[in-house]
Amino acid sequence: MKKLPQDVVIFMLLKLPLKSLLRFKSISKIWYTLILSDTLFKLHLKRTTTKKDEFILFIRTLREDDPYKFTSIASFFSGDDKNNLTTLFPDVDVTHLSSTSCTIFNELIGPCHGLITLTDSDIIIVLNPGTRKYVVIPESPFDCPKGYYRYIEAVAFRFDSIINDYKIIKLSDVYWDRPTDDRGPRGSRVEIYNLSIDSWREHNIEFSSIYFTHCSEIYYKEAVHWFTIQDDLVILCFDISSEIFRTMELPSVCTDLNGPRYGLAVLNDCLVLMSYPDSMCSIDHTENLLSIWMMKEYGESESWIKIRTISPLPIPIESALVIWKDYLLLLQTQTGYLISYDLYSDEVKEYNLNGHHESLRATKYTECLTTIPTLSEHSKQVQQL
């Protein structure tokens, strides 16, 4: 290495997979310093990647020996040209999300610069799956006033390029806890956590109630997107830097709250909407099909166009998960198994990967050297899985 210019060495290192880079840290102090340097990190973050560099990350909830005990498992796979899944790393038991109740609300958020967030609403974990480093985020210090209770509606995790910091955004409904079981008047609360300074703050801004469905949180164009209920179902957008809410309308035929479910994804660098049958709907007036709508001009509600209809669905599905490689639609069946649908060939493939009812989550992931900032001395520190 001493005989090679540093820029040549860096160029070579950028061609290596993350696992090799982490292993090469132990060669010498010089290699250790270089691999963990800001220079290599920034170049590694900006390096050119392709769809072949992406692997798929799953979180699923499994029942343990105790019928009332559940645990969350992270699984990592790559895909070949025939859409077969190959295990990249051993499964990770995310023990912090283990629960004595059904954890179907566990969420997989991200990725962002190689980091993801896992949450069951109460506990939030920031993890780099490539380095296996993680941190448990301290709980928000803000309590509800006496006589009120809080219901967490959504959690987001992104990087704010303006202040050069990672943010966790937590959206909650606050209700007056009346003596009866009925919910009283609703308020809303936005809490924002800055990772570099290990600090929560409240943001005094109102938002409409979140309409939760699986695959309904997506980051696109510097904003996080959810569904929300106003007069009709619309998309709620939260700009990460300005911390301002705005809304976008859905196609006029996709606002029925008593019919299909909806999901958001990105396809060919455009925001897309998926509608599919609601397995829990007691009124069977939805057709057995999945429709995909694309917003050709972001922010222009008139630019929605239907680009694909899958009819009939080959297997009864519970939820859409993600569109991988811009043609592979991953779905969870009503029996809890993973299937893929090839948007080019219409081929359906079922995988031997399953979880508890409604518990499967998936995201596209590209490895990165990103380190998790060390928190304050009074907080939980970065740990190794």
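For the stretch 207-222, how many residues are open to solvent by 30 Å² or more (accessible area, probe 1.4 Å) and touching a Gly at 6+ places or on another chain (Cβ under 9 Å)?
3
Report, ordered by the first and then the second residue, all pairs with beta carbons closer than 7 Å, sequence separation of six or more or different chains, a first member in the stretch 213-227 that is farther than 16 Å from LEU321 by Cα, and a second member that is open to solvent by 10 Å² or more (accessible area, probe 1.4 Å) and not in a strand (DSSP E or B).
From the stretch 213-227, the pairs are LYS221/TYR298; GLU222/SER241; VAL224/GLU217.
Restricting to the stretch 233-256, name every residue that is in contact (Cβ under 8 Å) with a residue 60 or more places away in the chain and not β-branched (Val, Ile, Thr). Spell out how you get there, then give the answer.
Taking the stretch 233-256 first, the residues in contact (Cβ under 8 Å) with a residue 60 or more places away in the chain are 238, 240-241.
Hits for the stretch 233-256 are PHE238, SER241.
Given (1) part of a loop (DSSP other than H, G, I, E, B); (2) modelled with pLDDT under 85, where does LEU353 come up short, assuming only one miss?
For LEU353, the exception is condition (1).
Determine whether ILE210 is within 21 Å of the chain's Cα centre (by Cα), at pLDDT 90 or above and assigned by the TED database to the domain that holds LEU264. Before the answer, list the steps.
On the way: within 21 Å of the chain's Cα centre (by Cα): yes; at pLDDT 90 or above: no; assigned by the TED database to the domain that holds LEU264: yes.
Taking the combined requirement at face value, the residue does not satisfy it.
Any chance you could count how many residues in the stretch 322-345 are under 13 Å from LEU290 (Cα atoms) and touching a Lys or Arg at 6+ places or on another chain (Cβ under 7 Å)?
Residues flagged as under 13 Å from LEU290 (Cα atoms) and touching a Lys or Arg at 6+ places or on another chain (Cβ under 7 Å) within the stretch 322-345 amount to 1.
Return a yes/no flag: does the stretch 223-245 have any residue that is at pLDDT below 95, open to solvent by 40 Å² or more (accessible area, probe 1.4 Å) and under 26 Å from ILE307 (Cα atoms).
yes
Please tell me if ILE163 is under 17 Å from the mean Cα position of the chain (by Cα), assigned by the TED database to the domain that holds GLY299 and hydrophobic (A, V, I, L, M, F, W, C). Give the derivation first.
On the way: under 17 Å from the mean Cα position of the chain (by Cα): no; assigned by the TED database to the domain that holds GLY299: yes; hydrophobic (A, V, I, L, M, F, W, C): yes.
When the stated conditions are applied, ILE163 does not pass them.
Give me the strands (runs of 3 or more DSSP E) completely within the stretch 58-132, filtered to those with at least 2 residues that are at pLDDT 80 or above and within 15 Å of PHE157 (Cα to Cα), ordered by residue number.
Working: elements: 70-79, 85-99, 107-112, 115-119, 124-128.
Strands (runs of 3 or more DSSP E) meeting the threshold: 107-112, 115-119, 124-128.
Condition first: under 23 Å from THR370 (Cα atoms) and surrounded by fewer than 17 Cβ atoms within 10 Å (Cβ to Cβ). Now tell me which residues in the stretch 140-169 satisfy that.
SER161, ILE162, ILE163, ASN164, ASP165 - these are the residues of the stretch 140-169 that are under 23 Å from THR370 (Cα atoms) and surrounded by fewer than 17 Cβ atoms within 10 Å (Cβ to Cβ).
Looking at SER172, is it at pLDDT below 90, touching a Ser or Thr at 6+ places or on another chain (Cβ under 8 Å) and surrounded by 20 or more Cβ atoms within 10 Å (Cβ to Cβ)?
Numbers: at pLDDT below 90: yes; touching a Ser or Thr at 6+ places or on another chain (Cβ under 8 Å): yes; surrounded by 20 or more Cβ atoms within 10 Å (Cβ to Cβ): yes.
Taking the combined requirement at face value, the residue satisfies it.
Is it the case, given these coordinates, that ILE315 is open to solvent by 20 Å² or more (accessible area, probe 1.4 Å), in contact (Cβ under 8 Å) with a residue 12 or more places away in the chain, closer than 20 Å to TYR262 by Cβ and among the hydrophobic types (A, V, I, L, M, F, W, C)?
yes
The values are calculated or read from the model by the stated rules, or taken from the named source; none is laboratory data. Since we're looking at a predicted model, the values are computed, not measured. Neighbour counts run over all protein chains shown; Cβ positions are idealised from the backbone, glycine included. Ligands, DNA and RNA are excluded from the accessible area calculation, which covers all protein heavy atoms including side chains. Shrake-Rupley method; radii C 1.70, N 1.55, O 1.52, S 1.80 Å.
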